[in-house]
Each structure stands twice: as structure tokens, then as C-alpha cells.
């Protein structure tokens, strides 16, 4: 990082025609001398969660040995290039509910997504009778949100479900989100890239379909409205900052163009009620847009905490593009049928391929003297292991990123079976420097070995 004599504000933004565009961390924002300079140069730690539904084909995920070396198993193959920043954790469990309930009555899918970050089982009951616990991401957001415009973002590729595919006897709130602000306050997820884009960068104040179509026809870009301010700023910054700013602005423009294109295509071919404007027609393009927006949110320090559901529990999405025409959830009840196991493994690997795209964007995005990936802690995993058994034991969980020096990748750590997943959460909150958290859910302590020091 180049330390200059003059420093721009870290919260410097560009404004124009009602739009506000935050900027990435530039060298010119670092003060020249003293303790303030050293503090500013410290990497920002960020926390992300990527959740995949309906369990995993564990034979394709699990590490063949006890560690410590990481083995790139079939499901991990798409992220092979990032294996030096990947840590697979075995033996973590989300303990089953008490009371003798089994099958659907136990809320196996509600439990899977709810306990993944809260470590508290969902309360059985319909309607407003919901209760879980504060999720780990929100414990982090309470502290990290002091420094950002948005405390956290809660995102998904599936829309929320209020009365359809949910566990019998359990509110759909449990499968609609991973994030809980309080024991009775689940946080809604956003799956529309346009709505997320406008939350991040602002708009005219309405998201009515006719207003959006008028906006598209006018083709008034957010970046077009701040061109003069960009030009003025570029005269004040160094060559490296100019290159960084140009790359960032081009990324914003590209995302905006892709969202507008998706809106135009969806408006021509699909009823609005079935396909909200802004949501692309393919799973892959939708995932890429949402991942790109997450990178921008981190890059501009709009937030440091994001949870992202690649799908809801009980998701019945089909994947004909990879040769899987049967719905995801029914396939997950595979009864050890070879054909269904093969299809489920394809879905698991396809999800990982979308995640690889995200990791590449994070690695390619400069952040201080490293990359966003160097300074991230990402939890990737599912709330159940063997989906046929709805098993909460030995969950498929991995950590990705350098954690600003808090993590050491390229390894497999095998914990004693049924080590509470909550112990990992407690440890990650420590790594994120979140003070005052002594327990979460059913935690019994911390896990060891995440870093070599």
C-alpha cells in the first residue's frame, strides 16, 4: 500500500441525480503518518456464509483420511485452484431435537437451516409462533456494523415461501432465512438483484414495474450521473488508484447492464408474478449477479457481513442444464439409489462451481496489500449431512479465505464426532474480534487448529 501525504475520507462517495456511489478502499484514503496510518492500513475482516440446501452426497464430499492435508474430493473439484485457502472441517454436528420426534414431525429441514447459524432448534408451531436464537452473523454484525452503512445483507437465490414447501408443524420462517436478529425476529432475504442493487446504490424511491421499465428505456445509468465527479476525483489520485477505480466502476456498470438485460428479457417472456423483474432466467446468471453484488458490497465497505442461501431447504429446483430434470428435494431422498445419488452429486458439484466463480472474483479484487479473499472468512456448507437420513451429524462444512491472517488453509481438520457446530461459531467470532461472546446456542467451548499460530 502506498502511503500519501494527503488522505481522502474512507467514506468518500460520489453523488449525482439522487444516486450515491460508495468507493473501494484506495491508497489515497490512507493517512500519511502516525498511529492513524497504521490503523488504516490494517486489513478489514469480513464474514460471509454460503448455504446449500437438502444435504450432501457425503461420499463425494468427505475427506479420505484424518488430515491434516486437504484432499480435493469430487465435490470440491471446482474450487481446486483455491485449495490453499480452503479448510474442510469434519466431525461438527447440529444435535438432533429432543422429545422423541422423528421424520417430518421433527422439522428436519427447519432445523437444518435454523440451527446452521443460531445453534438453537426451531420451536414447533405455525403462524407467529416462532422462536430460535440470535444467529452468529448477527452477533458479528452488531459489532462490525458500527463501521459500515449496512450492518449486514441477507440474500438468497430462491424467493421466500410463506405457505408452501415447509416442514409440517413449523413456520416457513425457519426455512426462509439463516439470519435471526433476535429469538423471534428472522431477517427476510432478498433474491432480486435489482432490489439489492438499489439498496446498495440508491434509486428514485420506487420499484414499481412501470417505473423500472421507464428507467430502462431512458437508459440513465447511475455511473452516467456521476461522471463529472469521477473525473474530478481521478485528477486527485495516483495511477494505481485510478486503475483500481476504473475497474470498480466498470464492474458496477456491467452489473447494472446485466440486470437491465434480465428485466427486458423477463418482461418479454414471463408473467411478472411468476418471475419478478430483475431476476435472470437461469440459475447460473442469477448466482453470478448476486455474487458480483456481494463483492461490490465488500469492496466498498457497505457491509462486512453477508449470508447467502444458494437455495431454501425443501427446494424443488430442477437443473436440466446439467442433466438433472428431477426436483432437488425428492432426489435428496435417494434411498441409496445409484441414479439419484449421481444426480444429487451433480447438483452439489454445480453449486460448488458457482461458488468457484465467487472465489475468483474475491481473489481478483484488491483490498489493501492483499485481496478480498485474503481478508475474508467464508463458511460454506449445509445444515444436514446424508440427506436421505436427514442426518445432523458430521455436517459438510468448510472455511474459505485467509481471515486477515486468522485462518490457514490447505488443510483438513478432523474433530471428535458430534463436536457442536456452535463451537466453530464461537471461535469464528473470536477471530473476527467480536467482544463479549462467551457462548452461543449449545456451545461447549472453542475449536482448535484454525490457524497454525
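Each reported figure results from applying straightforward, stated rules to the coordinates on display, with no laboratory input. Only a predicted model underlies this, so the values are computations on that prediction, with no experimental measurement involved. Reconstructed Cβ throughout: ideal geometry from the backbone, glycine too, with neighbour counts over all protein chains shown.
With only alpha-carbon atoms counted, please give the Rg and Dmax of segment 387-453, in Å.
12.9, 39
Over all directions, the average projected area of the alpha-carbon convex hull for segment 115-199 comes to how many nm²?
Mean projected area of the Cα convex hull: 5.8 nm².
What number, in percent, do you get for the relative contact order of segment 350-420 if the mean sequence gap of Cα pairs under 8 Å and at least 6 apart is divided by its residue count?
Reported relative contact order: 24 percent.
Which shape class, rounded, prolate or oblate, goes with segment 41-87 when its Cα gyration tensor gives a ≥ b ≥ c as root eigenvalues, a/c under 1.5 marks rounded, and past that a/b bigger than b/c marks prolate?
oblate
What FRET efficiency comes out for the pair residue 229/residue 364, r = Cβ-Cβ distance, R0 = 22 Å, nearest 0.05?
0.30
So what are the three principal axis dimensions of segment 327-453 from its Cα atoms, in whole Å, longest to shortest?
47, 38, 22
Figure the gain on full extension for residue 165 and residue 199 (residue separation times 0.36 nm, minus the Cα-Cα span) and round it to one decimal in nm.
Between residue 165 and residue 199, full extension yields an extra 9.4 nm.
What do you get for Rg/Rh of segment 290-395 when both radii come from the Cα atoms and Rh is the Kirkwood radius?
Ratio of gyration radius to Kirkwood radius for segment 290-395: 1.05.
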